[in-house]
1. May I ask you to say which residue of SER80, SER99, SER94, SER136 is under 24 Å from LEU243 (Cβ atoms) and hydroxyl-bearing (Ser, Thr, Tyr)?
2. Could you list all residues from region 1-50 that are touching a His at 6+ places or on another chain (Cβ under 7 Å) and either within 19 Å of GLY201 (Cα to Cα) or hydroxyl-bearing (Ser, Thr, Tyr) (or both)?
3. Looking at ILE130, ILE59, which one is open to solvent by less than 10 Å² (accessible area, probe 1.4 Å), in contact with a Leu (Cβ under 7 Å, 6 or more places away or on another chain) and either in contact (Cβ under 8 Å) with a residue 12 or more places away in the chain or not small (Gly, Ala, Ser) (or both)?
4. How many of the residues making up region 14-51 are under 21 Å from ARG137 (Cβ atoms), outside any loop (DSSP other than H, G, I, E, B) and out of contact with any Gly (no Cβ under 6 Å at 6 or more places or on another chain)?
5. From the set of residues in region 66-96 that are out of contact with any Leu (no Cβ under 8 Å at 6 or more places or on another chain) and open to solvent by less than 10 Å² (accessible area, probe 1.4 Å), which is farthest from ILE56 (Cα to Cα)?
6. Test GLU264 against the stated conditions and say whether it is of a type in the set (Asp, Glu) and in a helix (DSSP H, G or I).
7. Condition check: in contact with a strand residue (DSSP E or B) (Cβ under 8 Å, 6 or more places away or on another chain), more than 19 Å from THR5 (Cα to Cα), open to solvent by 20 Å² or more (accessible area, probe 1.4 Å) and in contact (Cβ under 8 Å) with a residue 24 or more places away in the chain. Does ALA151 satisfy that?
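The values are calculated or read from the model by the stated rules, or taken from the named source; none is laboratory data. Worth saying up front: this structure is predicted, and the values here are computed from it rather than measured. As a convention, Cβ positions derive from the backbone with ideal geometry for all residues, glycine included, and neighbour counts pool all protein chains shown. Only protein heavy atoms, including side chains, enter the accessible area calculation; ligands, DNA and RNA are left aside. Shrake-Rupley method; radii C 1.70, N 1.55, O 1.52, S 1.80 Å.
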Amino acid sequence: MFTGTYTAIVTPVKNGKIDESAFEKLIKAQIRGGVDGIVPVGTTGESPTVSYEEHIRIIDLSVKFAAGKIKVLAGTGGNSTNEAIYLTKAAEESGADGSLQVAPYYNKPSQEGLFQHFHAVSRATNLPIILYSVPSRCGVEIGIETINRLAHDSVNIVGIKEAGGNPDRVSQLRATLGSKFTILSGDDSLTLPFMAVGAHGVVSVASNVIPREVSHMVKAFAIGKIDVAQKLHHKYYPLFKDLFIESNPVPVKAALSMMGFMQEEYRLPLAPLNAKNREILRGTLKLCGLLKEAMAEKREGA
């Protein structure tokens, strides 16, 4: 169901408020770029720093601007089960196509706690759910047996965004869960290695900046045009890495600002890129030919 390229879309902010006009332009650029969907208010969308009202508003806007042309996989997880249920129900009411559920962070639940958390969320909604395992941020990994248990217990838990950085775990997931369970890479630089052992695509940060190229890379690999996919991977690998030169989403928002898509603004505790890293990122964008291309894309979408 959720295969291909899903952009973990940023949340533009201007003067402390959600910049709805810039958000619409970004989503329209994603549609033109051929992505399969967007993931609003995930980590890249600064979910920890938006209010409940803003969180739901961003999902509403995503559904409105996507206009049925691409899917909306709403980030509605939380470290409180009640919060995750509240946001997921709101996303369902908004018309989202699915929910991305991150592992509860900071409180480090046991595997039984993880099972009970996701089980409760799944029972509270009819939306299909993609789990999200990212131990570097959450301090806990969703165990393979826990995922298997959830997949057999809850018919609407249909996949996982895997951001543990280990292709071997993708192989283990595929062997345990079979071909129907969706696996999406959570790291742009590992998209092709993950797809080589059974993943179905990527939840991408880079596709905020290069939606057409990431989408083309994923589709090419999926239909067996390995050489095409590899060329795209090698060309944009420096960008894949430098978009994480500091904590996500700081570099990608800086890149989009350099490219003229939005104002560069964050909410504390996120802070702007330091001067050295800003110049490194600018150099990478120039190396990839993106700064002048971006201005043409912006004019096309105006």
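1. Working: SER80 fails: under 24 Å from LEU243 (Cβ atoms); SER99 fails: under 24 Å from LEU243 (Cβ atoms); SER94 fails: under 24 Å from LEU243 (Cβ atoms).
Just one listed residue meets the conditions, SER136.
2. Step one: filter region 1-50 for residues touching a His at 6+ places or on another chain (Cβ under 7 Å), giving 3, 41, 47.
Scanning region 1-50 gives THR3, SER47.
3. Values: ILE59 fails: in contact with a Leu (Cβ under 7 Å, 6 or more places away or on another chain).
Only one candidate qualifies: ILE130.
4. Final tally of qualifying residues: 3.
5. Here is the first cut: in region 66-96, the residues out of contact with any Leu (no Cβ under 8 Å at 6 or more places or on another chain) are 66-72, 79-87, 89-90, 93-95.
Within this subset, residues satisfying the condition of being open to solvent by less than 10 Å² (accessible area, probe 1.4 Å) are 66, 72, 84, 87.
Values: ALA66: 15, VAL72: 13, ALA84: 12, LEU87: 7 Å.
Ranking the candidates gives ALA66 first.
6. Numbers: of a type in the set (Asp, Glu): yes; in a helix (DSSP H, G or I): no.
So GLU264 fails the test.
7. Details: in contact with a strand residue (DSSP E or B) (Cβ under 8 Å, 6 or more places away or on another chain): yes; more than 19 Å from THR5 (Cα to Cα): yes; open to solvent by 20 Å² or more (accessible area, probe 1.4 Å): yes; in contact (Cβ under 8 Å) with a residue 24 or more places away in the chain: yes.
Yes; evaluated as a whole, the condition is true for this residue.
Residue-by-condition table, conditions (1) open to solvent by 30 Å² or more (accessible area, probe 1.4 Å); (2) closer than 19 Å to PRO128 by Cβ; (3) in contact (Cβ under 8 Å) with a residue 24 or more places away in the chain; (4) outside any loop (DSSP other than H, G, I, E, B):
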{"site": "SER179", "(1), (2), (3), (4)": "yes, yes, no, no"}
{"site": "LEU184", "(1), (2), (3), (4)": "no, yes, yes, yes"}
{"site": "PRO193", "(1), (2), (3), (4)": "yes, no, yes, yes"}
{"site": "ALA199", "(1), (2), (3), (4)": "no, yes, yes, no"}
{"site": "MET217", "(1), (2), (3), (4)": "no, no, yes, yes"}
